[in-house]
Amino acid sequence: MTIPLDLNNCVILGIDPAIATIGFGVIRGSEALEYGVIKTPAKSPMYDRLSQIHTDIKALCDMVKPDVAAVEMPFFGRDNTNAGKVLRALGVIELALGDWGLSEITFLHQSQVKAAVAQYGASKNDIKQAVMHIFGLPKPPSPDDSADGLAIAYAAQCGARANVA
């Protein structure tokens with residue numbers, strides 16, 4: 001029998017996946033513990049970028065010791081040339097989280113994240129302002145990707161779940 005976690009007392013890591021700039025946010029209850037971005041050099045070979053993402057996600061987990069991880073599922077239009085790269089990064093992120101011991105990851109759709117922190121259709125600025133208010137931050141998180149990481153963690157804390165496997 002699995003004992004359900006009290007998400008208000010868990011350390012939740014939210015990740016906004018990408019290949020160049022990965023946003024992350026770490027929360028517990030109503031406190032933003034950490035937030036920021038992981039950047040990979042644009043001119044580096046793909047293998048090096050993916051390797052860095054793996055190493056940096058594991059190091060982040062070593063630092064914040066999350067109980068739960070939530071990752072936003074990227075949405076791509078028809079002609080998005082970045083989709084393949086972002087999906088490769090997403091796989092590496094999932095691998096790093098699993099290597100660290102987080103075998104069950106909450107995947108969220110962007111609409112679920114927006115609905116949890118602001119409203120469906122919220123702009124990037126709306127998300128930054130909402131996250132600042134929710135966590136009592138003195139100023140909006142910067143860059144935008146870090147605000148997204150906090151929003152993803154908060155949406156998971158609120159119980160949002162996507163039917164993505």
Next on the checklist: Looking at segment 93-104, can you tell me whether even one residue there is charged (D, E, K, R), free of Cβ contacts under 8 Å to residues at least 60 places away in the same chain and outside any loop (DSSP other than H, G, I, E, B)?
Outcome noted: yes
Next on the checklist: Could you tell me how many of the residues in segment 95-147 are touching a Pro at 6+ places or on another chain (Cβ under 9 Å) and within 25 Å of Ala59 (Cα to Cα)?
Outcome noted: 6
Item to check | Pairs with Cβ under 7 Å, 6+ apart, first in segment 29-58 and more than 19 Å from Ser146 (Cα to Cα), second open to solvent by 50 Å² or more (accessible area, probe 1.4 Å) and of a type in the set (D, E, K, R) | outcome: Leu50/Arg88
Item to check | Residue in segment 124-162 that is nearest to Thr21 (Cα to Cα), counting only those that are polar (S, T, N, Q) and open to solvent by 50 Å² or more (accessible area, probe 1.4 Å) | outcome: Ser142
Next on the checklist: Among (1) in contact (Cβ under 8 Å) with a residue 60 or more places away in the chain; (2) among the β-branched types (Val, Ile, Thr); (3) over 20 Å from Ile19 (Cβ atoms), there is one condition Val86 misses while meeting the rest; what is its number?
Outcome noted: (3)
Checklist entry - Among Ile53, Ile22, which is modelled with pLDDT of 95 or more, crowded, with 19+ Cβ neighbours inside 10 Å and not in a helix (DSSP H, G or I)? => result Ile22
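The values are calculated or read from the model by the stated rules, or taken from the named source; none is laboratory data. Owing to the predicted nature of the structure, the values given are computational and were not obtained by experimental measurement. So basically every Cβ, Gly included, is an ideal-geometry build from the backbone, and we count neighbours across all protein chains shown. These accessible areas exclude ligands, DNA and RNA; they are computed on the full protein's heavy atoms, side chains included. Shrake-Rupley method; radii C 1.70, N 1.55, O 1.52, S 1.80 Å.
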